[in-house]
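Just so it is clear, none of the values below were taken in a lab; they were calculated from the coordinates. In this text the structure is predicted, and so the values were computed from the model without any measurement. Cβ sites come from the backbone with ideal geometry, for glycine too, and all protein chains shown count toward neighbours.
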Amino acid sequence: GQSLEQPSEVTAVEGAIVQINCTYQTSGFYGLSWYQQHDGGAPTFLSYNALDGLEETGRFSSFLSRSDSYGYLLLQELQMKDSASYFCAVRIPTGRRALTFGSGTRLQVQP
Amino acid sequence: SQTIHQWPATLVQPVGSPLSLECTVEGTSNPNLYWYRQAAGRGLQLLFYSVGIGQISSEVPQNLSASRPQDRQFILSSKKLLLSDSGFYLCAWSPDTTNSPLHFGNGTRLTVT
């Protein structure tokens, strides 16, 4: 099976930088994804890391270390609209194409 | 462009009643289709996924079932709802490639009373 661990809540102030960590345990690995979900809304794709290193997309960056089974999402220049839940997810190469999601990190951005 | 439609947006059903949630995708062919459920304040639990018409894989034993009668249509059903079936149901699709992201519908909030 597979499991993902991420903090349940993180609080930060507008303009700051916040890092959301994710550790995973899987029997195989096809990359780590990150999704954002606002209250009452659908999850939306943010980023994907297949190889070790940092991927940058605007204010958001995602990092992966396969040897450590660890990744993080970095949000810079936080805005109030970044208040949402953030999920890491993995896809296991066992024939099924679906993603297994972590339990999510609720980010509260304060003024 | 591709779009995913999911309905209804909200649903209140009594215990023991049947359920049918529908999801359709436009603008693509042979998508992978998924049903997830999310309890309040929790993560997403995979219920079913499908890689083609009539091909359904179940992840969690339960009183729910899924069907894919057409290439871009995915239906979630139950013959008798339980209180524990309450939650936020999300349909998603992805292209049939390994690293493609999932694209979610707007979800159905189901309350079983």
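Here are some notes:
- Whether the stretch A:36-111 is rounded, prolate or oblate, judged on the alpha carbon gyration tensor where a/c under 1.5 counts as rounded: oblate
- Charge context of residue A:109, other residues only, Cβ under 14 angstrom, K/R +1, D/E -1: -2
- Sequence-separation-based contact order of the stretch B:12-113, relative, with Cα cut under 8 Å and 6+ spacing, percent: 36 percent
- Amide H partners (placed H, <5 Å) of residue A:108, local residues excluded: A:10, A:11, A:12
- J(HN,Hα) series, the stretch B:33-39, from Karplus relation 6.51 cos²θ - 1.76 cosθ + 1.60, nearest Hz, glycine and proline x: 10, 9, 10, 10, 10, 10, 6
- Averaged over the residues of peptide B:38-44, the number of Cβ atoms from other protein chains lying within 10 Å of each residue's Cβ is 6.
- On full extension, the segment bounded by residue B:51 and residue B:10 gains 12.1 nm, given 0.36 nm per residue less the C-alpha separation.
- Dimensionless Rg/Rh of chain B - Kirkwood Rh, Rg from C-alpha atoms: 0.95
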